[in-house]
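Working notes, structure below.
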Amino acid sequence: MNVFDLIRRHERYRQFAYKDTAGKVTIGFGRNLDDHGVPKEEALIFLTSDVAVIRRRLSTAYPWFKDLSDARKAAIIDMVYNLGVQGFSEFKILILALSRREYETAASAMLASKWAGQVGRRALELSDMIRTDAYPA
């Protein structure tokens, strides 16, 4: 046994955040998020993992996704990161336009959504990426 085994023995793993006995938001093996948060290096690990999952789910759900350019893939991944796969699936016109490589229509569909009003500049940048096949300057 070592210190990691000992802590795992006493701090049951929790995938989802919960309030500990002191009322602190906690996750994993007793990580106190209220007092310690998540260091940037760890947040980047989360982000890398989340993007890999999104990329796999998009590739499985939408065969056209693999044929998109890197910039257009990035725009869709960013959108799904914000909305979730289920939320993205509600964008019927956008999805159809992307499957047909109608990028102007796809970009316009993004901007005509309630989501665009909620996220503002993000929607403008992502729709421009779909329209122009280029990352923001």
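General remarks:
- Only helices enter this figure: runs of n ≥ 4 DSSP H residues, each worth -39500 (n - 2.57), summed and divided by the residues of the chain, yield -19500 deg cm²/dmol at 222 nm to the nearest 500.
- Residues whose placed amide H lies under 5 Å from that of R14, excluding near-sequence neighbours: G28, F29, G30
- Acute angle (nearest 10 degrees) that the helix 70-89 long axis makes with the longest principal axis of the chain, alpha-carbon atoms: 70
- Positive contributions from Lys and Arg (+1) and negative ones from Asp and Glu (-1), summed over other residues with Cβ under 13 Å from the Cβ of W64, come out at +3.
- Pair A22, I45: separation of 7 Å Cα→Cβ label points (nm): 2.2
- With a Förster radius of 41 Å applied to the C-beta separation of R121 and M1, the computed FRET efficiency comes to 0.20.
- Extended-chain gain in nm, criterion 0.36 nm per residue less alpha-carbon gap, L96 and K114: 4.7 nm
- Isotropic mean projected area of the C-alpha convex hull, the chain (nm²): 11.2
No value in this document is a laboratory result; all are computed from the given coordinates. These numbers come from a predicted model, not from an experiment. Reconstructed Cβ throughout: ideal geometry from the backbone, glycine too, with neighbour counts over all protein chains shown.
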